[in-house]
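Written out below as C-alpha cells is the structure these notes cover.
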Amino acid sequence: MYNEAARIAATVHTLADAADTLGDLEVLFVDDGSDDATAALAEDALIVRPDLRGRVVRLAQNRGKGGAIAAGVTHAGGRAVAFADADLSTPPSAIAACFEAIESGAADVVVTSRHAPESTITGAAPATRKLSTTVFRRLLGWRLGLDRYTDTQCGLKGFTREAARSLFTDLTVQRFAFDVEVLLRAEVAGLRVIEMPIEWHHVDDSTVRPIRDGARMAVDVLRLRGRVRRWQAQADSGLPVLALLERRHWWYVSHRETASDAIANGLPPSRRHLAIDTAAGTGTVVDRFAELGFDHRLGLGTSAGTLRFAGGPAAHPALLSVASGRAIPLADSMADAVTAIDTIAVADDDVAVVVELARVTRPGGIVVITGPGMRSMWSDYDAALGHRRRYDRSDLEALLGSAGLEVVRVSHFHAWLTPLTLLLQRTPLRRVLLQKPEQATFVDARLNRVLRAFVAAETLLLRWIDLPFGQAVIAVGRRPDV
C-alpha cells in the first residue's frame, strides 16, 4: 500500500467478504511509508472485520513496490505466498486460483498474464501506459530473453514459501521492475514457473506513472543483465562444490548408504526395474541406483542447475525431471523403489508426501525414508535447516501406515553422534565451539574421514539390528501385494 487512503477500507471489506472462499488465509497489508492515513485506515477496517485474518506491516520509509513486497515475504508464514495490488484490480477468486496452482505442486512460481488468450479484461488502460508496456516487453525480449512471458508486470504472482524467500532475499531492484529480477532469479535457480490467465479490471487512479516510471524500469532492466551473469556464475561455481560435498561429506554418505543397504536387503534383484529418488540434488542417490542394478532410474529435483550433475555415466543413463515428491510425474504403480532422503521433515504435510510416494510404488515395492530422529533433540539447528519436525520410531511407523504401507523396518542411526549432540545442546560448550548451529556438520577433511569410518561401522551394524536412538532415522515400507 502506498497512499491508498481513498480505497484501502473497501479492499479490506472485499477480501473479508470473500474470506470463506480463500481458505486458511492471512492477509498482510504492507504500508510502504505512506504519507496519508492508509495504515491507520487499514487497521481500523480490520478491527470491524474480524472475519478476515489480517494485519498491517508498517515500513518507516518508502522503499518502492518491490521493497514493500520483499518486506511482506519476510513476515509471511504460509506454505504459499502471493502478492496482489492494493486496488484489487484482480478479484479474490483470481488470488484463490493462484494459490491452488501453487498448492497443487504444479509450479514453484505462478505468473498471471493479462495478455493470455483466456484472460478477461475490463476497463481500458491509457494510451501512454499501453505504449510503455509494449516498449518494455520488447526491451525484456531483446535485453534479457524473457520474451516467453507475455506479462511480467501483472500485479498478482504466487510462490511456494521456499521460492518466495529465496527470490525476494537481497532483492536489488526495489521499484516497479522488481518482477523482472524475480523472474530472472527463478530462471537461474531452475524453478518451475507457469503463466496463468487472469480476470483483471483496470483502475484509472493507479499510482503508476507510465512515462517516468517506465523510464526508471528501463534503466533497471539494462542493469539487470550484468547481474544475471553474476548470478549464473555464482550458481555455476557453487554447484560443483555441492556435487563434491554430496559425494564425500559424512552426513550425505551416511543417509545414502543406509538407504542403499535397505534397498539391497529389502528388494530382490529380480524386482529392480525402476527406482526413483524424489530429492535428487546432484544425483548421488540416483547414481547409487545403478550400482544396485536397477534397469531404469529417475531423479526428481527442484533445480535444473543441480540436476546437471546427476545422471551418472553414459552406460547407466538416468531420467531427470524438475519436479518434487509432492507431485511425482508418473502414473500409479510404476516404481520398485522410491526414496525420500532427508526431505520429509521440511514438508508442510509429510503424510501427503508419503501417500504420493506410495502411489507410484508397485505392489511388493518399497519406500525408503530418512530424516532427523528423536523429537526430544529438537534445537535451533533444526530451525536453521527448515525442519518442521523430528521423528521417533513410532512416528514413522504411523506415517507409513497412514499411506497404506506395511512396515518393513524403522531404525535410528547416528547413535554414536547422540552423546556429542547432547553435550553441545545442553552445556555451554556450544557457545565455545559453534558460531551458528548450521555449522555443526561441516568439518575439515581429516575429521570427515574419521566420521565416515564411524558411518561405515554403523552401516554394517544396521544390517543386523535396529537401533533404539540416534540423530537420524530410517523407515522402510512395502506396498502390499494385490
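Coordinate-derived values only; no laboratory data. It should be emphasised that the depicted structure is a prediction, and the values quoted were computed from it without experimental measurement. When we count neighbours, we look across all protein chains shown, and the Cβ atoms used for this are built from the backbone with ideal geometry, even at glycine.
So how do 56-64, 105-113 stack up, highest first, on mean other-Cβ count within 10 Å?
Ranked from most to least packed, the peptides come out as 105-113, 56-64.
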**OP:** Give me the distance in nm between label points sitting 7 Å out from Cα along the Cα-to-Cβ direction at Glu291 and His115, one decimal.
**Re:** 5.0
**OP:** Would you mind computing, in nm to one decimal, how far apart the modelled labels at Arg55 and Trp464 are, each placed 7 Å from Cα along Cα→Cβ?
**Re:** 5.5
Subject >> Point-to-point label distance, Thr150-Thr21, nm (Cα→Cβ direction, 7 Å offset) >> reply: 2.3
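If we count other beta carbons within 10 Å of each Cβ, what is the order of Val351, Val408, fewest first?
Val351, Val408
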Subject >> Between segment 72-91 and segment 319-395, the Cα center-to-center distance that results, in Å >> reply: 29
**OP:** Note the full-extension length gain between His202 and Asp36 as 0.36 nm times their separation in residues minus their Cα-Cα distance, in nm to one decimal.
**Re:** 57.4 nm
**OP:** Express in nm, to one decimal, how much length is gained between Leu447 and His273 on full extension, taking 0.36 nm for each residue of separation and deducting their alpha carbon distance.
**Re:** 58.9 nm
**OP:** Give, in nm to one decimal, the length gained when the segment between Asp349 and Asp481 is fully stretched (0.36 nm per residue of separation minus the Cα-Cα distance).
**Re:** 44.9 nm
Subject >> Radius, Kirkwood style, for segment 242-290 when every pair of distinct Cα atoms is counted (Å) >> reply: 11.5
Subject >> Efficiency of FRET between Ile47 and Arg388 - r from beta-carbon atoms, R0 45 angstrom, step 0.05 >> reply: 0.90
Original post:
If Lys and Arg each add +1 and Asp and Glu each add -1, what is the summed charge of the other residues whose beta carbon sits under 9 Å from the beta carbon of Asp108?
Top reply: 0
